[in-house]
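Contents: one structure, followed by commentary.
The values are calculated or read from the model by the stated rules, or taken from the named source; none is laboratory data. In this text, all values refer to a predicted model and were calculated from it rather than measured experimentally. Every residue, glycine among them, receives a Cβ derived from its backbone with ideal geometry; neighbour counts consider all protein chains shown. Each accessible area value is taken on the protein alone, full model and side chains, heavy atoms only, with ligands, DNA and RNA left out. Shrake-Rupley method; radii C 1.70, N 1.55, O 1.52, S 1.80 Å.
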Amino acid sequence: MVRAVLLNDTRIDRHHGCTTVVETIGTLSARNGIQIIASSPAHHDWHADAEIAGAIKSADLVIVNGEGTVHHDRPAGLKLLDVGRFAREHGTKAALINSTWQANGADALRALEAFDIVTVRESASEAELAVHGHQARRIPDLALYHQPKVSEPRSGVGYCDSVQGPKALALYEQMWAIGAQPLPLVQLDMQPMTALRWLLRFGPTKAAIFNPAHALKALRGTVQDYREQEPSRDVTTGKVSTKQLVVTGRFHMMIFCLGAHTPMLALSSNTHKIEATLADAGLQPWRVVAKPGDIDAGLIERASQWHGDESSNLERFRSEGRAAMKTLFADLAALAGR
(Lines give C-alpha, C1' and ligand atoms only; values in the text may rest on other atoms or scores of the structure.)
Protein backbone atom coordinates (compact mmCIF):
# COMPACT_ATOMS: atom_id res chain seq x y z
CA MET A 1 0.00 0.00 0.00
CA VAL A 2 1.34 3.42 -1.00
CA ARG A 3 0.88 6.07 1.69
CA ALA A 4 0.03 9.50 0.28
CA VAL A 5 -0.71 13.03 1.47
CA LEU A 6 -3.12 15.23 -0.49
CA LEU A 7 -2.58 18.99 -0.59
CA ASN A 8 -5.21 21.51 -1.71
CA ASP A 9 -8.25 19.45 -0.84
CA THR A 10 -10.81 21.83 -2.30
CA ARG A 11 -13.89 20.23 -0.76
CA ILE A 12 -13.77 23.02 1.81
CA ASP A 13 -15.00 25.39 -0.91
CA ARG A 14 -18.41 23.64 -0.93
CA HIS A 15 -18.45 23.52 -4.72
CA HIS A 16 -19.72 20.51 -6.68
CA GLY A 17 -16.86 20.73 -9.16
CA CYS A 18 -14.21 20.77 -6.45
CA THR A 19 -15.81 17.96 -4.45
CA THR A 20 -15.98 15.89 -7.64
CA VAL A 21 -12.28 16.41 -8.32
CA VAL A 22 -11.38 15.19 -4.83
CA GLU A 23 -13.83 12.31 -5.18
CA THR A 24 -11.99 11.23 -8.34
CA ILE A 25 -8.64 11.45 -6.56
CA GLY A 26 -9.99 9.25 -3.77
CA THR A 27 -11.60 6.73 -6.10
CA LEU A 28 -8.62 6.26 -8.41
CA SER A 29 -6.16 6.26 -5.51
CA ALA A 30 -8.04 3.46 -3.77
CA ARG A 31 -8.23 1.42 -6.97
CA ASN A 32 -4.46 1.61 -7.31
CA GLY A 33 -3.48 0.84 -3.75
CA ILE A 34 -2.84 4.44 -2.70
CA GLN A 35 -4.02 5.32 0.81
CA ILE A 36 -4.58 9.01 1.56
CA ILE A 37 -3.23 9.22 5.12
CA ALA A 38 -3.58 13.00 5.50
CA SER A 39 -5.26 15.83 3.64
CA SER A 40 -4.56 19.57 3.76
CA PRO A 41 -7.55 21.74 2.78
CA ALA A 42 -7.45 24.57 0.28
CA HIS A 43 -6.43 27.95 1.72
CA HIS A 44 -4.45 26.16 4.46
CA ASP A 45 -0.73 26.77 4.91
CA TRP A 46 0.81 23.31 5.07
CA HIS A 47 4.15 24.86 6.13
CA ALA A 48 2.61 25.92 9.44
CA ASP A 49 0.90 22.58 10.09
CA ALA A 50 3.27 20.25 11.92
CA GLU A 51 0.89 17.31 11.46
CA ILE A 52 0.77 17.68 7.67
CA ALA A 53 4.53 18.27 7.44
CA GLY A 54 5.14 15.18 9.53
CA ALA A 55 2.79 13.13 7.37
CA ILE A 56 4.66 14.22 4.22
CA LYS A 57 7.97 13.13 5.78
CA SER A 58 6.59 9.66 6.52
CA ALA A 59 4.60 9.22 3.32
CA ASP A 60 5.62 7.63 0.04
CA LEU A 61 3.92 10.27 -2.08
CA VAL A 62 2.51 13.78 -1.86
CA ILE A 63 -0.22 14.67 -4.35
CA VAL A 64 -0.84 18.36 -5.02
CA ASN A 65 -4.23 19.12 -6.56
CA GLY A 66 -3.39 22.24 -8.57
CA GLU A 67 -6.89 23.09 -9.88
CA GLY A 68 -7.11 26.85 -10.41
CA THR A 69 -4.50 27.83 -7.81
CA VAL A 70 -1.18 27.82 -9.71
CA HIS A 71 -1.39 30.88 -11.96
CA HIS A 72 -0.16 34.48 -12.06
CA ASP A 73 2.29 33.81 -9.21
CA ARG A 74 -0.50 33.65 -6.67
CA PRO A 75 0.95 33.24 -3.15
CA ALA A 76 -1.27 30.21 -2.52
CA GLY A 77 0.09 28.56 -5.65
CA LEU A 78 3.71 29.25 -4.73
CA LYS A 79 3.15 27.71 -1.30
CA LEU A 80 1.75 24.59 -2.90
CA LEU A 81 4.69 24.32 -5.28
CA ASP A 82 7.16 24.57 -2.40
CA VAL A 83 6.10 21.13 -1.18
CA GLY A 84 8.02 19.52 -4.05
CA ARG A 85 11.33 20.63 -2.60
CA PHE A 86 10.26 19.68 0.93
CA ALA A 87 9.17 16.22 -0.21
CA ARG A 88 12.40 15.60 -2.10
CA GLU A 89 14.48 16.55 0.95
CA HIS A 90 12.71 13.82 2.91
CA GLY A 91 12.71 11.11 0.25
CA THR A 92 9.02 11.46 -0.63
CA LYS A 93 7.86 11.43 -4.24
CA ALA A 94 5.80 14.42 -5.38
CA ALA A 95 3.20 14.96 -8.09
CA LEU A 96 1.44 18.14 -9.19
CA ILE A 97 -1.77 17.06 -10.88
CA ASN A 98 -4.96 18.58 -12.29
CA SER A 99 -3.44 22.02 -12.60
CA THR A 100 -3.77 25.09 -14.74
CA TRP A 101 -0.46 26.88 -15.30
CA GLN A 102 -0.40 30.47 -16.49
CA ALA A 103 1.89 33.50 -16.13
CA ASN A 104 4.07 32.12 -13.35
CA GLY A 105 7.59 33.43 -12.88
CA ALA A 106 11.06 32.00 -12.36
CA ASP A 107 10.50 30.95 -8.73
CA ALA A 108 7.51 28.84 -9.67
CA LEU A 109 9.35 27.25 -12.59
CA ARG A 110 12.28 26.34 -10.34
CA ALA A 111 9.93 24.85 -7.77
CA LEU A 112 8.32 22.72 -10.45
CA GLU A 113 11.62 20.91 -11.05
CA ALA A 114 11.24 19.06 -7.74
CA PHE A 115 8.08 17.25 -8.89
CA ASP A 116 8.33 13.73 -10.29
CA ILE A 117 5.07 13.94 -12.27
CA VAL A 118 3.27 17.06 -13.50
CA THR A 119 -0.11 17.07 -15.22
CA VAL A 120 -2.07 20.06 -16.51
CA ARG A 121 -5.71 20.28 -17.46
CA GLU A 122 -5.47 21.80 -20.92
CA SER A 123 -3.22 22.53 -23.88
CA ALA A 124 -2.56 26.22 -23.12
CA SER A 125 -0.92 25.28 -19.81
CA GLU A 126 0.97 22.46 -21.51
CA ALA A 127 2.29 24.83 -24.20
CA GLU A 128 3.31 27.50 -21.70
CA LEU A 129 5.35 25.00 -19.70
CA ALA A 130 6.92 23.58 -22.87
CA VAL A 131 8.26 27.05 -23.73
CA HIS A 132 10.18 26.92 -20.45
CA GLY A 133 11.48 23.41 -21.04
CA HIS A 134 9.01 21.55 -18.83
CA GLN A 135 7.10 18.58 -20.20
CA ALA A 136 3.75 17.98 -18.55
CA ARG A 137 1.06 15.44 -19.26
CA ARG A 138 -2.19 16.90 -20.47
CA ILE A 139 -5.18 15.26 -18.76
CA PRO A 140 -8.62 16.92 -18.56
CA ASP A 141 -9.92 18.19 -15.25
CA LEU A 142 -10.60 15.24 -12.95
CA ALA A 143 -14.26 16.23 -12.54
CA LEU A 144 -14.75 14.80 -16.04
CA TYR A 145 -14.37 11.32 -14.52
CA HIS A 146 -17.92 11.70 -13.17
CA GLN A 147 -20.41 10.33 -15.68
CA PRO A 148 -23.88 11.89 -15.43
CA LYS A 149 -26.81 10.01 -16.85
CA VAL A 150 -27.50 11.44 -20.30
CA SER A 151 -31.17 12.24 -20.89
CA GLU A 152 -33.13 12.51 -24.10
CA PRO A 153 -35.02 14.44 -25.26
CA ARG A 154 -33.61 17.69 -23.92
CA SER A 155 -35.32 21.00 -23.33
CA GLY A 156 -34.74 24.40 -21.81
CA VAL A 157 -31.74 26.57 -21.01
CA GLY A 158 -29.81 26.57 -17.75
CA TYR A 159 -27.50 29.25 -16.40
CA CYS A 160 -24.59 29.01 -13.98
CA ASP A 161 -22.79 32.02 -12.52
CA SER A 162 -19.16 33.14 -12.78
CA VAL A 163 -16.40 33.29 -10.18
CA GLN A 164 -16.18 36.95 -11.20
CA GLY A 165 -19.11 38.61 -9.45
CA PRO A 166 -20.05 41.39 -11.90
CA LYS A 167 -20.07 38.87 -14.74
CA ALA A 168 -22.23 36.58 -12.60
CA LEU A 169 -24.82 39.30 -12.09
CA ALA A 170 -24.85 40.15 -15.80
CA LEU A 171 -25.48 36.47 -16.57
CA TYR A 172 -28.30 36.41 -14.05
CA GLU A 173 -29.94 39.47 -15.56
CA GLN A 174 -29.94 37.72 -18.90
CA MET A 175 -31.28 34.52 -17.33
CA TRP A 176 -34.13 36.38 -15.64
CA ALA A 177 -35.03 38.10 -18.90
CA ILE A 178 -35.47 34.84 -20.83
CA GLY A 179 -36.86 32.73 -17.97
CA ALA A 180 -34.00 30.22 -17.91
CA GLN A 181 -33.24 27.93 -14.96
CA PRO A 182 -30.47 28.72 -12.45
CA LEU A 183 -27.95 25.90 -11.91
CA PRO A 184 -25.68 26.96 -9.03
CA LEU A 185 -22.62 24.90 -8.12
CA VAL A 186 -21.53 26.59 -4.90
CA GLN A 187 -23.24 25.44 -1.71
CA LEU A 188 -23.63 28.44 0.59
CA ASP A 189 -23.92 28.07 4.34
CA MET A 190 -26.52 30.08 6.18
CA GLN A 191 -24.12 32.33 8.11
CA PRO A 192 -24.84 36.10 7.90
CA MET A 193 -21.26 36.92 6.85
CA THR A 194 -21.49 34.45 3.97
CA ALA A 195 -24.63 36.16 2.72
CA LEU A 196 -22.97 39.57 3.04
CA ARG A 197 -19.86 38.48 1.11
CA TRP A 198 -22.05 36.94 -1.59
CA LEU A 199 -24.11 40.12 -1.83
CA LEU A 200 -21.03 42.33 -2.11
CA ARG A 201 -19.28 40.14 -4.69
CA PHE A 202 -21.79 41.15 -7.39
CA GLY A 203 -20.55 44.72 -7.54
CA PRO A 204 -17.47 46.02 -9.33
CA THR A 205 -16.76 47.70 -5.97
CA LYS A 206 -18.19 47.26 -2.48
CA ALA A 207 -19.62 50.77 -2.72
CA ALA A 208 -21.88 49.63 -5.56
CA ILE A 209 -24.24 48.16 -2.98
CA PHE A 210 -25.33 51.74 -2.15
CA ASN A 211 -26.78 52.09 -5.65
CA PRO A 212 -30.45 51.06 -5.14
CA ALA A 213 -30.86 49.51 -8.59
CA HIS A 214 -27.70 47.45 -8.20
CA ALA A 215 -28.54 46.52 -4.61
CA LEU A 216 -31.91 45.07 -5.63
CA LYS A 217 -30.36 42.93 -8.36
CA ALA A 218 -27.56 41.78 -6.07
CA LEU A 219 -30.08 40.86 -3.38
CA ARG A 220 -32.18 38.97 -5.90
CA GLY A 221 -29.12 37.03 -7.06
CA THR A 222 -28.05 36.22 -3.51
CA VAL A 223 -31.50 35.01 -2.45
CA GLN A 224 -31.75 32.98 -5.64
CA ASP A 225 -28.41 31.27 -5.01
CA TYR A 226 -29.48 30.29 -1.50
CA ARG A 227 -32.88 29.01 -2.63
CA GLU A 228 -31.74 27.16 -5.75
CA GLN A 229 -28.58 25.49 -4.43
CA GLU A 230 -28.77 21.72 -4.62
CA PRO A 231 -26.81 19.71 -2.02
CA SER A 232 -26.60 16.65 -4.27
CA ARG A 233 -24.02 16.78 -7.05
CA ASP A 234 -25.82 14.00 -8.89
CA VAL A 235 -29.09 15.92 -8.89
CA THR A 236 -27.28 18.97 -10.26
CA THR A 237 -25.56 17.06 -13.06
CA GLY A 238 -28.82 15.26 -13.74
CA LYS A 239 -30.42 18.63 -14.41
CA VAL A 240 -27.51 19.56 -16.67
CA SER A 241 -28.05 16.41 -18.70
CA THR A 242 -31.67 17.37 -19.45
CA LYS A 243 -30.88 20.82 -20.85
CA GLN A 244 -30.75 21.78 -24.49
CA LEU A 245 -28.15 24.39 -23.55
CA VAL A 246 -26.24 25.58 -20.49
CA VAL A 247 -24.67 29.05 -20.29
CA THR A 248 -21.91 29.23 -17.72
CA GLY A 249 -19.07 31.35 -16.40
CA ARG A 250 -17.90 28.48 -14.16
CA PHE A 251 -15.20 26.14 -15.44
CA HIS A 252 -16.52 23.12 -13.60
CA MET A 253 -20.05 23.62 -14.90
CA MET A 254 -18.51 23.49 -18.36
CA ILE A 255 -16.80 20.21 -17.37
CA PHE A 256 -20.14 18.80 -16.20
CA CYS A 257 -21.67 19.83 -19.53
CA LEU A 258 -18.90 17.98 -21.38
CA GLY A 259 -19.50 14.93 -19.20
CA ALA A 260 -23.25 15.05 -19.86
CA HIS A 261 -22.82 15.77 -23.59
CA THR A 262 -24.81 18.98 -23.10
CA PRO A 263 -24.24 21.89 -25.53
CA MET A 264 -22.91 24.97 -23.80
CA LEU A 265 -21.83 28.57 -24.06
CA ALA A 266 -18.98 29.50 -21.73
CA LEU A 267 -17.90 32.89 -20.49
CA SER A 268 -14.15 33.43 -20.32
CA SER A 269 -12.76 33.53 -16.79
CA ASN A 270 -9.56 34.46 -14.95
CA THR A 271 -7.26 32.01 -16.80
CA HIS A 272 -7.06 30.35 -20.21
CA LYS A 273 -8.58 27.11 -18.91
CA ILE A 274 -12.04 27.50 -20.47
CA GLU A 275 -10.92 28.41 -23.99
CA ALA A 276 -8.18 25.78 -24.02
CA THR A 277 -10.37 22.96 -22.68
CA LEU A 278 -13.08 23.59 -25.27
CA ALA A 279 -10.43 23.60 -28.00
CA ASP A 280 -8.99 20.34 -26.66
CA ALA A 281 -12.48 18.83 -26.76
CA GLY A 282 -12.80 19.76 -30.44
CA LEU A 283 -15.63 22.24 -29.94
CA GLN A 284 -16.17 25.44 -31.88
CA PRO A 285 -14.27 28.50 -30.57
CA TRP A 286 -17.38 30.67 -30.76
CA ARG A 287 -18.76 28.72 -27.78
CA VAL A 288 -16.55 30.93 -25.59
CA VAL A 289 -17.60 34.57 -25.26
CA ALA A 290 -15.73 37.43 -23.60
CA LYS A 291 -18.70 39.05 -21.85
CA PRO A 292 -22.38 38.30 -21.19
CA GLY A 293 -23.42 41.06 -23.58
CA ASP A 294 -22.03 38.99 -26.45
CA ILE A 295 -24.82 36.45 -25.92
CA ASP A 296 -28.02 37.07 -27.82
CA ALA A 297 -31.03 35.02 -28.94
CA GLY A 298 -29.33 34.00 -32.18
CA LEU A 299 -26.23 32.70 -30.41
CA ILE A 300 -28.34 30.79 -27.88
CA GLU A 301 -30.23 29.11 -30.71
CA ARG A 302 -27.03 28.31 -32.57
CA ALA A 303 -25.26 26.94 -29.49
CA SER A 304 -28.17 24.66 -28.55
CA GLN A 305 -27.08 22.16 -31.21
CA TRP A 306 -23.81 20.40 -31.93
CA HIS A 307 -22.20 21.37 -35.23
CA GLY A 308 -19.97 19.43 -37.59
CA ASP A 309 -17.72 16.98 -35.73
CA GLU A 310 -18.33 18.46 -32.28
CA SER A 311 -20.32 15.51 -30.95
CA SER A 312 -17.85 12.85 -32.08
CA ASN A 313 -14.90 14.97 -30.98
CA LEU A 314 -16.43 15.27 -27.52
CA GLU A 315 -17.01 11.51 -27.26
CA ARG A 316 -13.35 10.91 -28.04
CA PHE A 317 -12.21 13.62 -25.60
CA ARG A 318 -14.20 12.10 -22.75
CA SER A 319 -13.09 8.53 -23.46
CA GLU A 320 -9.41 9.36 -23.87
CA GLY A 321 -9.44 11.73 -20.92
CA ARG A 322 -10.92 9.22 -18.51
CA ALA A 323 -8.48 6.57 -19.70
CA ALA A 324 -5.58 8.99 -19.10
CA MET A 325 -6.82 9.59 -15.55
CA LYS A 326 -6.73 5.86 -14.82
CA THR A 327 -3.23 5.60 -16.25
CA LEU A 328 -2.04 8.54 -14.16
CA PHE A 329 -2.99 6.95 -10.87
CA ALA A 330 -1.49 3.63 -11.86
CA ASP A 331 1.72 5.52 -12.61
CA LEU A 332 1.55 7.38 -9.29
CA ALA A 333 1.30 4.06 -7.47
CA ALA A 334 4.25 2.67 -9.44
CA LEU A 335 6.30 5.82 -8.83
CA ALA A 336 5.88 5.64 -5.06
CA GLY A 337 5.65 1.89 -4.65
CA ARG A 338 8.05 0.27 -2.22
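Enclosing the Cα atoms of the chain in their convex hull gives a volume equal to 135 cubic angstrom per residue. One quarter of the surface of the convex hull around the alpha-carbon atoms of region 93-154 equals 5.6 nm², the direction-averaged projected area. Under a model in which nothing but the beta-carbon of Lys, Arg (+1) and Asp, Glu (-1) is charged, the chain shows a dipole of about 380 debye around its Cα centre.
Descending by average beta-carbon neighbour count within 10 Å, the peptides 324-330, 194-200, 19-25 line up as 19-25, 324-330, 194-200, the highest first. Counting only alpha carbon atoms, the long axis of helix 75-89 and the longest principal axis of the chain meet at about 20°.
Ranking 145, 159 from most to least accessible surface, computed with a 1.4 Å probe over the protein chains only, gives 145, 159.
Here region 41-82 is treated as an ellipsoid with the same Cα gyration tensor; its semi-axes, largest first and in whole Å, are 20, 11, 8. List, in the order given, every pair from 79/206; 167/206; 79/291 whose Cα-Cα distance in the structure shown is over 21 Å. Check vs 21 Å cut-off fails for 79/206; 79/291.
Express the carbon and sulfur contribution to the solvent-accessible surface of region 13-101 as a percent, rounded to the nearest whole number, probe 1.4 angstrom. C and S fraction of accessible area: 50 percent.
Averaged per residue, the chain has 42 square angstrom of accessible surface, using a 1.4 angstrom probe with ligands and nucleic acids left out. Of the cross-linked pairs 239/326; 239/273; 149/243, those separated by over 22 Å at the C-alpha level are 239/326; 239/273.
Its Cα centre serving as origin, region 41-89 has a Cβ charge dipole (Lys and Arg +1, Asp and Glu -1) of approximately 120 debye.
A simple packing score, the average count of other Cβ atoms within 10 Å per residue, orders the peptides 298-307, 114-123 as 114-123, 298-307, with the highest score first.
Given +1 at the Cβ of Lys and Arg, -1 at the Cβ of Asp and Glu and no other charges, the dipole of region 96-172 around its Cα centre is 260 debye to the nearest 20. Of the residues 284, 265, 330, the one whose Cα sits farthest toward the positive end of the charge dipole of region 254-338, with +1 on the Cβ of Lys and Arg and -1 on the Cβ of Asp and Glu, is 330.
Once backbone amide H atoms are built at 1.01 Å from N, residue 265 has 246, 247, 248 as its partners under 5 Å, excluding neighbours fewer than 5 places away on the same chain.
The share of accessible area on region 196-273 that comes from carbon and sulfur is 61 percent, using a 1.4 angstrom probe.
Annotation for region 113-147 versus region 1-68: alpha-carbon center distance of 18 Å. Peptides 97-103, 245-251, 135-141 ranked from most to least packed give 245-251, 97-103, 135-141, packing being the mean of other C-beta atoms within 10 angstrom over each peptide's residues. Entry for region 1-122 at q = 0.10, 0.17, 0.20 Å⁻¹: log10 I(q)/I(0) = -0.26, -0.80, -1.14, Debye formula applied to identical alpha-carbon scatterers, no solvent contribution.
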